[in-house]
Amino acid sequence: MPGVEAVGAVLRELGAPLVVESIQLDEVTSHEVRVRVHASGVCRSDLTVAHADHGFPLPLMLGHEIAGTVEAIGSAVRGIAVGDHVVACPVNHCGRCARCRNGQPFLCHDHHATARTSEQASRVSVAGESVTQFIGIGGFADRVVLHENLVVPIPHEVPFDVACLLGCGVSTGLGAVLNTAGVTHGDTVVVVGCGGVGLNAVQGARIAGARRIIAIDLNDEALRLATELGATDVINSSYGDPVAEVKRVTNGLGVTHAFEIIGRPETLEIALASLGKGGSAYLVGVQKPDAILGIPFRHFFDQKSVHGVAMGSTIPQIHIPEYAELYLQGRLRLDELVANRITLAEVNEGLDRLRTGGVARSVILFE
Ligand code: PAD
Ligand code: ZN
């Protein structure tokens, strides 16, 4: 098979370090795009999937926050050209089903439509062995082939090392607040968990004009960044009862919207208990699919609700260019979110840093 040589970090065994090796990419088919990757963010979801079985066959190419330059396009690709600067967004969507046509590609009925079929050659392989691309991207590599629906052109002025964050961490955090919840001026917001995603929920609340933005975390550095990005109040929940503090700050009323961005029953409980009557909680954090949350019944007497959040209800082709524009205007802050710039060889250290409670992101830069 004629193809393209590349280098990527492959997960061969759950819990084991990723192995940097030569990979082979198949030629693009009609609806695919090949991207020369310049920057790839290391997200908590990569770490989660590297350590527990989430149903992705091994060997697996992790990574899904990429920015780069288009090198090749398939014959049917429209609106993306060779030389474009692009980011990838893992909202796998067919573009044709009722949900997609209704402006909800993040709920697509046929999200496998962006994958190759079992009759086709794998997009990525190592010495003839197929490698799974995590959520259709597999971005810990210097080149990727992916479906055009996951590729969004951005202005050349946005540097690659921050642009990569637009595809997942930024669009999930910002989108949960702006799109899923539709927070508006006058609303009061709690964000529980101010990491790579949560800090963007804080920024989303600032951009939406929320009256009060209360950031909760265990880590003072995360809370310092939250203040820089727009939190009006911060609470370190390791020092006391965060809910009592939220009630104090809101004159006993509780907030209108609370975002859980960790994925734990006890932090969802903080979010729900922080709400005032009729308030809405949004569960952004991810757990294994069969995990049980155990929500006390009392919350529902006050007409509180809990909503799931799929990728911040992002419509990639609409929202990502919007977020890039906000960045160029200085209204969306991205530079503060990148804590470390590393090489592909250091990918395991980047993942470890998430585990040991580091703040903000590591971004892999390619030559
Ligand atoms: P992160 O590790 O960068 O941030 C997590 C933050 O939570 C850190 O600042 C921690 O200090 C803080 N934290 C941890 N435990 C507690 C606690 N008990 N109380 C208070 N604070 C705590 O992760 P991230 O921001 O990259 O991702 C957050 C979650 O969002 C994670 O579960 C990830 O898988 C999920 C996610 N969801 C979607 C989606 O579409 N729903 C998309 C992308 C990521
Ligand atoms: Zn669809």
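The values are calculated or read from the model by the stated rules, or taken from the named source; none is laboratory data. Worth saying up front: this structure is predicted, and the values here are computed from it rather than measured. All Cβ positions, even for glycine, are placed from backbone atoms using ideal geometry, and neighbour counts span all protein chains on display. Note: accessible area is taken over every heavy atom of the protein model, side chains too, but ligands, DNA and RNA are not part of it. Shrake-Rupley method; radii C 1.70, N 1.55, O 1.52, S 1.80 Å.
Find how many whole Å separate the alpha carbon centroid of region 156-213 from the alpha carbon centroid of region 94-116.
24
Please turn the phi angles of region 247-262 into ³J(HN,Hα) values with the Karplus equation 6.51 cos²θ - 1.76 cosθ + 1.60 (θ = phi - 60°), one per residue in order, whole Hz, x for glycine and proline.
Working through the residues one at a time gives 5, 5, 5, 9, 6, x, 7, x, 9, 7, 9, 10, 10, 9, 10, 10 Hz.
Quick one: net charge around Pro155, please, counting Lys, Arg +1 and Asp, Glu -1 for every other residue with C-beta under 13 Å from its C-beta.
Working: positive: none; negative: Asp84, Glu157, Glu322, Glu325.
Summing Lys/Arg as +1 and Asp/Glu as -1 gives -4.
Amide H to amide H, which residues 5 or more places from Leu332 or on other chains are under 5 Å from it, using H placed in the peptide plane?
Tyr327
Quick one: go through region 26-43 and flag any residue whose amide nitrogen is under 20 Å from the point 7 Å out along the Cα-to-Cβ line of His156.
Residues passing the 20 Å test: 34-39.
Please report the carbon-and-sulfur percent of the accessible area for the chain; probe 1.4 Å, protein heavy atoms only, DNA, RNA and ligands left out. Let's see the in-between values first.
Working: 7930 of 15130 Å².
Carbon and sulfur: 52 percent of the exposed surface of the chain.
Longest exposed-loop-site-free stretch of the chain, with chymotrypsin sites (Phe, Trp or Tyr not before Pro), DSSP loop and at most 15 other Cβ within 10 Å? Spell out each step's value before the answer.
On the way: sites that count: Tyr239, Phe297.
Result, exposed sites excluded: 1-238.
So what's the gap between the Cα centers of region 251-272 and region 306-329, to the nearest angstrom?
22
Taking 8 Å as the Cα distance limit and 6 or more residues as the minimum spacing, I'd like the relative contact order of the chain as a percentage. Present the calculation step by step, with values, prior to reporting the outcome.
Details: 881 pairs, mean separation 66.7, N = 367.
Value for the chain: 18 percent.
In square angstrom, what is the accessible area per residue of the chain with a 1.4 angstrom probe?
On the way: 15130 Å² over 367 residues.
That works out to 41 Å² for each residue.
In whole Hz, what ³J(HN,Hα) sequence does region 302-308 give by Karplus (6.51, -1.76, 1.60; θ = phi - 60°), x for Gly and Pro?
Each residue's phi maps through the Karplus curve to give 8, 6, 7, 9, 10, 10, x Hz.
Using Cα pairs under 8 angstrom and six or more residues apart, how large is the relative contact order of region 180-309, in percent?
Numbers: 266 pairs, mean separation 28.9, N = 130.
Rounded, it is 22 percent for region 180-309.
How far apart, in nanometres, would the label points at Arg341 and Ile292 be if each is projected 7 angstrom from Cα along the Cα-to-Cβ direction?
Here the answer is 4.9 nm between the modelled labels.
Dipole of region 64-173, Cα-centred, from +1 at each Lys and Arg C-beta and -1 at each Asp and Glu C-beta, to the nearest 20 debye?
Values: 7 positive and 10 negative charges, 93 e Å.
For this selection, approximately 440 debye.
Report the FRET efficiency, 1/(1 + (r/R0)^6), for Leu58 and Glu27, where r is their Cβ-Cβ distance and R0 is 25 Å, rounded to 0.05. Show your work: numbers first, answer last.
Working: r = 25 Å, r/R0 = 0.98.
Once the sixth-power term is evaluated, E becomes 0.55.
What does the net charge come to around Ile270 if you take all other residues with beta carbon closer than 14 Å to its beta carbon, with K and R at +1 and D and E at -1? Intermediate results must be reported in sequence, preceding the final value.
Values: positive: Lys247, Arg264, Lys304; negative: Asp217, Asp241, Glu245, Glu260, Glu266, Glu269.
That sum, taken over residues with Cβ under 14 Å, equals -3.
Taking amide H atoms as placed 1.01 Å from N in the peptide plane, list the residues 5 or more away in sequence, or in a different chain, whose amide H sits under 5 Å from that of Ala258.
It is Val190, Ser280, Ala281, Tyr282, by chain and number.
Amide H to amide H, which residues 5 or more places from Arg143 or on other chains are under 5 Å from it, using H placed in the peptide plane?
Val7, Val37
Let me know the charge dipole size of region 180-309 about its Cα centre in debye, to the nearest 20, where only the beta-carbon of Lys, Arg (+1) and Asp, Glu (-1) is charged.
Numbers: 11 positive and 13 negative charges, 75 e Å.
So the magnitude is around 360 debye.
About the Cα centre, and with charges only on the beta carbon of Lys, Arg (+1) and Asp, Glu (-1), how big is the dipole of the chain? Nearest 20 debye, please. Mind showing how you got there, number by number?
On the way: 28 positive and 39 negative charges, 238 e Å.
Magnitude of the dipole: close to 1140 debye.
Would you compute, from DSSP H runs of 4+ residues alone, the mean residue ellipticity of the chain at 222 nm, taking -39500 (n - 2.57) per run and dividing by the full residue count, rounded to the nearest 500? Mind showing how you got there, number by number?
Values: 11 runs with 88 residues, N = 367.
That calculation yields -6500 deg cm²/dmol at 222 nm.
Hand me the trypsin sites (Lys or Arg not before Pro) from region 75-146 located in a DSSP loop with no more than 14 other Cβ atoms within 10 Å, in residue order please.
Numbers: sites: Arg78, Arg96, Arg99, Arg101, Arg116, Arg123, Arg143; in loops: Arg78, Arg96, Arg116, Arg123.
Answer by residue number: Arg78, Arg96.
What translational diffusion coefficient, to the nearest whole µm²/s, does region 180-309 have by Stokes-Einstein, given a Kirkwood radius computed over alpha-carbon pairs, a temperature of 4 °C and 1.567 mPa s viscosity?
Working: Rh = 14.2 Å.
D, rounded to a whole number, is 91 µm²/s.
Using only Cα positions of the chain, each an equal point scatterer, no hydration layer, compute I(q)/I(0) via Debye at q = 0.08 Å⁻¹ and quote the log10 values to two decimals.
Values returned for q = 0.08 Å⁻¹ are -0.38.
How far, in degrees from 0 to 90, does helix 265-274 lean away from the longest principal axis of the Cα atoms of the chain, to the nearest 10?
50
So what are the ³J(HN,Hα) numbers for region 235-245, from phi and the Karplus equation (6.51, -1.76, 1.60; θ = phi - 60°), rounded to whole Hz, Gly and Pro as x?
10, 8, 6, 7, 9, x, 8, x, 5, 4, 5
If Lys and Arg each add +1 and Asp and Glu each add -1, what is the summed charge of the other residues whose beta carbon sits under 15 Å from the beta carbon of Pro57?
Numbers: positive: Arg12, Arg116, Arg123; negative: Glu13, Asp53, Glu129.
Around Pro57, the charge tally is 0.
In nanometres, what is the gap between the two model label sites at His185 and Arg224, each 7 Å from Cα along Cα-to-Cβ?
About 3.3 nm, to one decimal.
Under a point spin-label approximation (7 Å from Cα along Cα-to-Cβ), what is the Leu14-Glu325 distance to one decimal in nm?
Between Leu14 and Glu325, the label points sit 4.4 nm apart.
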